[in-house]
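Below is one structure; the comments refer to it alone.
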Amino acid sequence: MEMTLKIEDLATGYRSGKNAGVVLQQGICTTLKTGQMVCVLGPNGAGKSTLLKTLAGFLQPLSGEVYFDGKPLKMLDLKKLSRLVSVVLTDRFSDLYLTAFDVVRMGRFPHASFFGRMKAGDLSLINQTMDKLGVGSLKEKLFYNLSDGERQKVLIARALVQDTPFLFLDEPVAFIDSPGRIEIMEILSGLAHRQGKAILMTTHDMETGLRYADVLWLMHRGKPLLDGIPEDMVLQGKVGEYFQRPGLHFDVEKGRFRANSKSLQGPETVFVKNGGHESIWLANALERKGFTVVQTDGPPGQGVFVEYKNESFRLYRDAKPVGEVQGIAGVLGKLKS
């Protein structure tokens, strides 16, 4: 059954003593539905974590309303809320002696008896979930001694055994290497699309958000929250607008930011033959060195052209062959000379 988180005219921030408070975002109106993965993107200071903590009930809204399947957040007590939302934050555990199993077991407390006792089914669920996330072998290891990627998986396991329709995560792939980042995002994507959970996560990683999100929530201090699918946000120029900085521009074709200035090699254009992954990585290296790259099917009448053929790179100038090298470093060397 589909469930919806509805946000109406929400203002988030923090209160400072007797003052009215510092507003980070206001006028937020959007929804999150089960079966969706939503990534909250925005520069530092935009209020991403504050929004997530407000929706989870950890912070009070400055104004506005939040509804979980029609029920006002302010009317939900801790027990009811803990059965709706599980949260993974960046906060560290202060207890140095908790094992990975201890941490995951915390997720079942909302379902435990009055005295905190767990049934055989609870323990079975914990073990199955840890095994599914690949951390079953870490049960007896101290959480404090785990790697960042292992800790993140353990925390996700804790959230999963809480068995809630909504899962909120604050920077779940920060400080994790690239393979680990992809592994965690694949897990979260599966939770949304195969298990029907509503995933809401903040991230600074533009590439992750554009690749995995069903919907982006774009945030910027002093600008309204925008929501939409990643592709529309890119094509409408919203991603570039909300992340723009002096000296940078958002490359719509590549889906990433680039420096405006060229390298000292000048603005020479290099034509690269359309092809496999060798051509893609050649274009990447050329652009990094400041060249303008144009993909083409054959050598133009004028200019430098490079193609990968028979396990080597062949260079042409004005449609005439000028050299052949084995690697991309060799291509860069030829163009520099």
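Readers should treat all values here as calculations from the given coordinates under stated rules, not as data from a laboratory. Everything quoted here is computed from the prediction, not taken from an experiment. Methodologically, a virtual Cβ is constructed for each residue, glycine included, from the backbone with ideal geometry; neighbour enumeration extends over all protein chains shown.
Output the strands (runs of 3 or more DSSP E) that fall wholly within segment 274-337 and possess 1 or more residues being surrounded by fewer than 17 Cβ atoms within 10 Å (Cβ to Cβ) and among the aliphatic types (A, V, I, L, M), or say none.
Because the criterion is at least 1 residues that are surrounded by fewer than 17 Cβ atoms within 10 Å (Cβ to Cβ) and among the aliphatic types (A, V, I, L, M), the strands (runs of 3 or more DSSP E) in segment 274-337 that meet it are 292-296, 320-325.
Listed here are the residues, each with its yes/no results for (1) touching a helix residue (DSSP H, G or I) at 6+ places or on another chain (Cβ under 9 Å); (2) closer than 21 Å to Phe168 by Cβ; (3) surrounded by 13 or more Cβ atoms within 10 Å (Cβ to Cβ).
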site	(1), (2), (3)
Val88	yes, yes, yes
Asp91	no, yes, no
Thr99	yes, no, yes
Asp102	yes, no, yes
His111	yes, yes, yes
Ala120	no, no, no
Ser124	no, no, no
Glu140	yes, no, no
Leu146	yes, no, yes
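Scanning segment 25-37 for residues that are touching a helix residue (DSSP H, G or I) at 6+ places or on another chain (Cβ under 9 Å), among the β-branched types (Val, Ile, Thr) and surrounded by fewer than 22 Cβ atoms within 10 Å (Cβ to Cβ) yields a count of 1. Only one entry in Tyr212, Tyr242 is out of contact with any Pro (no Cβ under 6 Å at 6 or more places or on another chain), more than 23 Å from Glu186 (Cβ to Cβ) and in contact (Cβ under 8 Å) with a residue 12 or more places away in the chain, namely Tyr242.
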